[in-house]
1. May I ask you to derive the relative contact order of region 36-293, considering only C-alpha pairs under 8 Å and at least 6 residues apart, and to give it as an integer percent?
2. Determine the dipole magnitude for the chain: charges of +1 sit on the beta-carbon of Lys and Arg, -1 on that of Asp and Glu, nothing else is charged, the reference point is the Cα centre, and the result goes in debye to the nearest 20.
3. Calculate, in nm to one decimal, what ARG333 and THR55 gain on full extension: separation in residues at 0.36 nm each, minus their alpha carbon distance.
4. Nearest 10 degrees is fine. How inclined is helix 4-31 to the longest principal axis of the chain, computing both from alpha carbons?
5. When LYS49, LYS67 are ordered from fewest to most other Cβ atoms inside 10 Å of their Cβ, what list results?
6. Roughly speaking, what is the centre-to-centre gap between region 33-91 and region 190-258 when only Cα atoms are used, to the nearest Å?
7. Decide, for region 322-383, between rounded, prolate and oblate: order the square roots of the alpha carbon gyration tensor eigenvalues as a ≥ b ≥ c, take rounded if a/c falls under 1.5, and otherwise choose prolate if a/b is larger than b/c, else oblate.
8. Please list the radius of gyration and Dmax for the chain, considering alpha-carbon atoms only, with Å as the unit.
Amino acid sequence: MLNDFSRDFCSRILCLASGIAIVLAGSSLSRAETVDLTPSDSRHNQRVKVVFKVTGNLMSLQKSEGKPDLHPLKAVGNYVYEERVLDADTGRSLRYFEEAASDFEVDQRHRRYELREEVRWILVDPEELENMHVSPTGSLKREELDLVELPCGSNLVDLLLPKAEKSPGDSWTHDDKLLAQMFNLDAVTANDVKSQFAKIKDGVAYMTLSGNLVGTVEGVITKVEINGKYNFDIQSSTIYWVAVAIDEDREIGASTPGLQVQAAVRMVREAMTRPGHVHQETIDQFDLENVQHEAMLEHRSEAAGFSLVHNRRWHVFFEKPNMTVLRCVDDGRMIAQCNIRSLHPVGGKPLSMDKFQQDISMALGDSVRQIVDSQESQNDAGHKVLRVVAAGNVSDSPILWIYYHITHRDGRRISCAFTLGGEDAEQFGGGDMTLIGSLQFLDSDQPAEETAAASEETVR
């Protein structure tokens, strides 16, 4: 039997235990607190700041001793832009870049890339995966496209949210389409990426993002490892901070180097009380529903004295002052190559079609089987254009050659030679005509010098 002291002591212990149980129960309830992780449908513009850092190696197309050459790479990009999401379900948005610049170094050679003033407006349309980033005010250059194709797009981060009530400890997966859009992949073939609700503190829901992706870029296998965090302000229902580390391993492509890189993205989003550049009047002045014609890219060679626009299948493979080599790649396979050469000016009689065909037959020799077509015309810039199509065989494989000779009225000249397999002709279509139709000579104060051009020069 317990005496009074014992009973009193036991009562105190029981009361204390009950109190502890109540406290623990309260703590458990706190951990189980649910939050509606549905993003705000507010149409407020966001001011976005992004820092993007990359280190690692480019793997060159030229291989030594059976292994690709590695070229040390590092880059730092800084971005400030105003953004309005036009379609919350797809992430379609319009941005105005106040700053977009990257300092890029490969093999200790430094270059700086900046977005030109005339293309600071960028429409981002994730549903147009191949042409996701387009400027409604002009054609981007390839390096400008690379500059604005940031991973973890600010227009897409809200789509990471499950649009449901969740508690700390809960996790959810993400579909292939969203991850392809977020990490600049053409397609995702495998993914175990998930978000997890880590904790709640001071009105903020903290989430993590982690996992691995396998996908393709222009037919090239790409592996991506993701480790990141994003913070959701509960009161405003907005993701305001994102930080993601990315390890990417991409194989060498038909026209692009491989990658072994580590990247880091840090992003801050802040709601604007009133629009700055991106307001309804500005949006209305752009024909955003028909802007895909601006998906063409501009290539400009100051040294060779020409510019042209091309679709995004074309990549500059090689360039020096008097020669530019482009390759047309479709789903990882090269279907055509174009060699563009600047020729010596000629001030006398322009090259005739008969002479051009003779030059081609002489250059190709026994490889040519027949001249399929020949045309003389003017392109969009008013330059005289000679076009000759020849068919033949190389190592028993059918080959199609398309030769151009373009002459400016002041005597400056350019030759273009397209080469493609006979089986690729249908897929290539009239790709040569689109490219040559846009070719322009850059302004020049140098008078043409009359030269006797060697026959082979016009077709090499």
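1. Value for region 36-293: 21 percent.
2. Computed charge dipole of the chain: roughly 1080 debye.
3. Between ARG333 and THR55, full extension yields an extra 97.3 nm.
4. Once rounded, the angle reads 20 degrees.
5. LYS67, LYS49
6. 10
7. Numbers: a/c = 1.82, a/b = 1.29, b/c = 1.40.
Oblate shape, in that a/c is at least 1.5 and b/c is the bigger or equal ratio.
8. Computed over the Cα atoms of the chain, radius of gyration and Dmax are 29.8, 128 Å.
Every number in this text was worked out from the coordinates using simple rules, so none of it is lab data. Computed from a prediction, not measured in an experiment: that's the story for all the values here. Cβ coordinates were reconstructed from backbone atoms using ideal geometry, including for glycine residues, and neighbour counts include every protein chain displayed.
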